[in-house]
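Enquirer: One structure coming up, written as structure tokens, with questions to follow.
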Amino acid sequence: MFEIIKRDGLARKGVLHTPHGKLETPALLPVINPKMVTVKPTELYHEFGFRGLITNSYIIRNDPALHERALREGLHSMLDFPGVIMTDSGTFQSHMYGEVDVSNEEIVSFQRSIGSDIGTVLDVFTEPYWTEEQTWDSIRLTLKRTEEATSIKGNMMLAGVVQGSVYPQLREECARAMAFMDLDVHPIGGVVPLMEQYRYLELVDIIIASKKGLTPERPVHLFGAGHPMILALATLLGCDMFDSASYAKFARDDRMMFVDGTARLQDMHGLECDCPACQGHDIESLRTMKKNEREIIIARHNLYELRREIKRIHRAISEGTLWELAETRCRAHPALLDGIRRLDEHAEFLERHEPLSRDGAMFYTGTETLSRPSFYRYHKRSMECYVPLFHRCVVLDEVGKPHGRHMGDTFTSLLSQGVLPLVRTPFGLVPPELNELYPLAQSLFPQIIDASTAETMEIREKEFLSAHGLEITDTYNEQTKNFDVNLLRAVAVARYQFGKEAAKILFDGDIELVVSKKTGKIRNVLVNGEHILSMRAGDGYYSLRLEGARKLVENLPSPKMRVTVVDDAVPFNREGRNVFCGFVYDSDPNLIPMDEVMVVSRAGELLAVGRALMTRDEMLSFEKGMAVKVREGTSSQQHHNVLDDL
Ligand SMILES: [Zn+2]
């Protein structure tokens, strides 16, 4: 069973529960060739801290001594490894050397008999140069074998491999067919030739297509992704597991792996690495030592480098900075840059998993940053959900953030003359009502704008102006009226966050704003004397209060903004307990992580308000994990006071 601990977009930190303990993901499994051990499994576990490894059951089966030993004492004892052991089936050998002399049934049963924690189906390796017809024929065979394997796996966890060559549509169909089978892990297979040829652009399409078809509660393993420079990008796209045979293979011909690429010992002019393997060595001592000793040192260095990068990725997911890390890593190679640039094509899919906000500020690292889903979201929502007060506007250059603090007087003066002030930013044009929202105010850009960013800004500006029928003007009216920018903001943020329909329902009545005396920012919104919303200082969005939720439940059609729980959970959620995955009956299909939601019973009764931590698909497919962090239940003991927010 797999559970998510922390997520950021498609990337997730999780725990895979296995018969040999927990595997924390993202995880890298070093490959052990039982006939050629470079670093001992027990060292991998105790010294390096790798909690899982992968070995090849086909090699073990074909070696009489290993075969007999594995059956007699089991895989864990034979390899002397207490952690999680995954086994591969011989598919890769068929790719390398042609047909293999084993049946699917035979190799799956063998993996079960030797005590593998996660066994793999004998799938058919789809080569990148194959035609669509050829690929589809072999997918059919893979699916047949996978179905067959589910009936013979017993208690062993089973990996169903997504194949489909370079055809995203076939990858997605293969993945979708497997989503209905009794499987535990999904490797994406047949991608090693693509990685060897640096075809990262196609790799990105393949991963995204597979993710679209798969069910979210199973970890995704990118087969053969064993170089540190690819791990951040692959994690960003939702891969949870990786394996590396390259740490040992590269060491055999004096290649050292680093996050920014591979270096050949013969080309290196110095050794700057401080990992435990490299300590005490310099480039000369490495070059002059015996080949077999050097091979071990380089293999160990490669493992330390992989370990460090996996740890770095864990931290980035926790801190909400994986986009920055992946973009930085992709600068190591032009082909990787193609990979991250390709994400532009998948903005819509990525946006569905993109959280509404993050804790820290967003950093611009290069033109690729503009393809992040939060840019796409701002552009989309500012076109669809924003209602301009006037149709005459001026476009101003940004002088500082938040805009209100630096340009507040200009805004007030322009508004009072019937002109809408818009600020030109890399996100597009920002009206005064939205400028405190994440990531508009919580982002950093260089002062010097590059040509590509300027071009994107210009396109987005034109689209925004035309979508709202806005006209740039230089003649202003006489002062007509004073505008309460806070009131405009209160309504505009609600439209942006909840949609126009919900905003109309929430703001129907006499509106009163509670504004912080210290910062001048909106804290609470009261309608007809009832506290319906609180505005968060950190990201500029609202927290929904019970009184607001009551208005919505009565007037907003279901399932919008709702998470419906099963009957058993009703009394607990009513008391303010969090909503867990197994208890979700259904939810709004458009929920994104960190959305405000109403927790309701199947009869539609309001039970609580809180924040969704997952999408609908995730809520419905996971067995474990928190789906909604509840803020308040309708019979919570602690009654919330308006003054608490001041
Ligand atoms: Zn090193």
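The values are calculated or read from the model by the stated rules, or taken from the named source; none is laboratory data. None of the values given here were measured: they were computed from a predicted structure. Note: ideal-geometry Cβ built from the backbone for every residue, glycine included; neighbour counts use all protein chains shown.
Enquirer: Quick check on this structure: which one of I317, I310, I340 is of a type in the set (V, I, T), modelled with pLDDT of 95 or more and within 16 Å of the ligand (Cβ to nearest atom)?
Expert: I310
Enquirer: Give just the number: which of (1) under 26 Å from L306 (Cβ atoms); (2) of a type in the set (D, E, K, R); (3) surrounded by fewer than 21 Cβ atoms within 10 Å (Cβ to Cβ) does R218 not satisfy?
Expert: Just one mismatch for R218, condition (3).
Enquirer: Does P193 satisfy the criteria of being more than 16 Å from the ligand (Cβ to nearest atom) and part of a loop (DSSP other than H, G, I, E, B)? Don't jump to the end; show me each part of the working.
Expert: Working: more than 16 Å from the ligand (Cβ to nearest atom): yes; part of a loop (DSSP other than H, G, I, E, B): no.
It is false that P193 is more than 16 Å from the ligand (Cβ to nearest atom) and part of a loop (DSSP other than H, G, I, E, B).
Enquirer: Six or more apart or on different chains, Cβ under 7 Å: which pairs go from a residue in region 348-362 that's more than 21 Å from V493 (Cβ to Cβ) to one that's among the β-branched types (V, I, T) and assigned to a helix (DSSP H, G or I)? Could you list them?
Expert: Between residues of region 348-362 that are more than 21 Å from V493 (Cβ to Cβ) and residues that are among the β-branched types (V, I, T) and assigned to a helix (DSSP H, G or I), the close pairs are F349/I208.
Enquirer: Condition first: under 21 Å from the mean Cα position of the chain (by Cα), part of a loop (DSSP other than H, G, I, E, B) and free of Cβ contacts under 8 Å to residues at least 40 places away in the same chain. Now tell me which residues in region 591-632 satisfy that.
Expert: L591
Enquirer: Taking region 349-388, which residues are among the aliphatic types (A, V, I, L, M), in a loop (DSSP other than H, G, I, E, B) and under 25 Å from K500 (Cα atoms)? It would help to see each step written out before you state the result.
Expert: Applying the first criterion (among the aliphatic types (A, V, I, L, M)) to region 349-388 yields 350, 356, 361-362, 370, 383, 387.
If we keep only those that are in a loop (DSSP other than H, G, I, E, B) as well, we get 356, 361, 387.
L356, V387, listed by residue number.
Enquirer: Any idea which of (1) of a type outside the set (A, V, I, L, M, F, W, C); (2) more than 15 Å from the ligand (Cβ to nearest atom); (3) in contact (Cβ under 8 Å) with a residue 40 or more places away in the chain is the one H301 doesn't satisfy?
Expert: Unmet for H301, out of (1) of a type outside the set (A, V, I, L, M, F, W, C); (2) more than 15 Å from the ligand (Cβ to nearest atom); (3) in contact (Cβ under 8 Å) with a residue 40 or more places away in the chain: (2).
Results for (1) buried (at least 24 other Cβ atoms within 10 Å of the Cβ); (2) among the hydrophobic types (A, V, I, L, M, F, W, C), shown as yes or no for each residue.
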| residue | (1), (2) |
| --- | --- |
| A159 | yes, yes |
| R171 | yes, no |
| D184 | no, no |
| I188 | yes, yes |
| Q197 | no, no |
| L203 | yes, yes |
| A232 | yes, yes |
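Enquirer: Follow-up. Of a type in the set (D, E, K, R), surrounded by 14 or more Cβ atoms within 10 Å (Cβ to Cβ) and without any contact (Cβ under 8 Å) to a residue 24 or more places away in the chain - does that describe any residue in region 509-518?
Expert: Looking only at region 509-518, we keep the residues that are of a type in the set (D, E, K, R), and these are 510, 512, 517-518.
Keeping just the survivors that are surrounded by 14 or more Cβ atoms within 10 Å (Cβ to Cβ) gives 512.
Next, only the ones that are without any contact (Cβ under 8 Å) to a residue 24 or more places away in the chain stay: 512.
Yes, there is a match, as at least one residue in region 509-518 is of a type in the set (D, E, K, R), surrounded by 14 or more Cβ atoms within 10 Å (Cβ to Cβ) and without any contact (Cβ under 8 Å) to a residue 24 or more places away in the chain.
Enquirer: I would also like to ask the following. State whether the residues of region 6-23 include one that is under 30 Å from E293 (Cα atoms) and modelled with pLDDT of 95 or more.
Expert: No, every residue in region 6-23 fails to be under 30 Å from E293 (Cα atoms) and modelled with pLDDT of 95 or more.
Enquirer: Which of the residues that make up region 263-296 are in contact (Cβ under 8 Å) with a residue 24 or more places away in the chain and either more than 13 Å from the ligand (Cβ to nearest atom) or in contact with a Cys (Cβ under 9 Å, 6 or more places away or on another chain) (or both)?
Expert: Correct list: E295 only.
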